[in-house]
1. Could you provide, to the nearest whole Å², the per residue accessible area of the chain with probe 1.4 Å?
2. Per residue of the chain, what 222 nm ellipticity follows from adding -39500 (n - 2.57) for every DSSP H run with n ≥ 4, rounded to the nearest 500?
3. Assigning unit charges at the beta carbon (Lys, Arg +1; Asp, Glu -1) and nothing else, what dipole magnitude in debye, to the nearest 20, does the chain show about its Cα centre?
4. Report the calculated FRET efficiency for Cys71 and Ile20 (r = Cβ-Cβ distance, R0 = 30 Å), to the nearest 0.05.
5. Leaving out ligands, DNA and RNA, and with a 1.4 Å probe, what % of the accessible surface on the chain is carbon or sulfur?
Amino acid sequence: MPVPPRPRRPLRTAATVEPISLCVLLANLATAHLPAVSSLAGPLHGCAYLFTVGAVARDPRRTARSLVLACLPGIGGLLALRRLTQSAPVAAAS
């Protein structure tokens, strides 16, 4: 029996926030190094990373490769999301 499609909006959001927050952290490190920016973007990046790994781990269509991709910091969430959506079966047009 095929697994029904599952909405991935929370995963898509967390996978998008993760690299953006990493870019903000790196830009802050390279420029002004403001503690307020670090204290906001750091936990945001960490939460997005953990949420992404957890969401991929709970997805019924996960594979070992998608889980390993999700564990890559920064871009792993987007790669895992792409892998999950590519492995989704295409509905046959009748």
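1. Details: 6270 Å² over 94 residues.
Per residue, the chain has an accessible area of 67 Å².
2. About -22500 deg cm²/dmol.
3. Numbers: 10 positive and 2 negative charges, 85 e Å.
Charge dipole, the chain, about its Cα centre: 400 debye, nearest 20.
4. Numbers: r = 19 Å, r/R0 = 0.63.
Given R0 = 30 Å and the Cβ-Cβ separation, E is 0.95.
5. 71
The values are calculated or read from the model by the stated rules, or taken from the named source; none is laboratory data. What you are looking at is a predicted structure, and each value in this text was computed from that prediction instead of being measured. Cβ: placed from backbone, ideal geometry, glycine included. Neighbour counts: every protein chain shown. We work out accessible area using only protein heavy atoms, side chains counted, and drop any ligands, DNA or RNA first. Shrake-Rupley method; radii C 1.70, N 1.55, O 1.52, S 1.80 Å.
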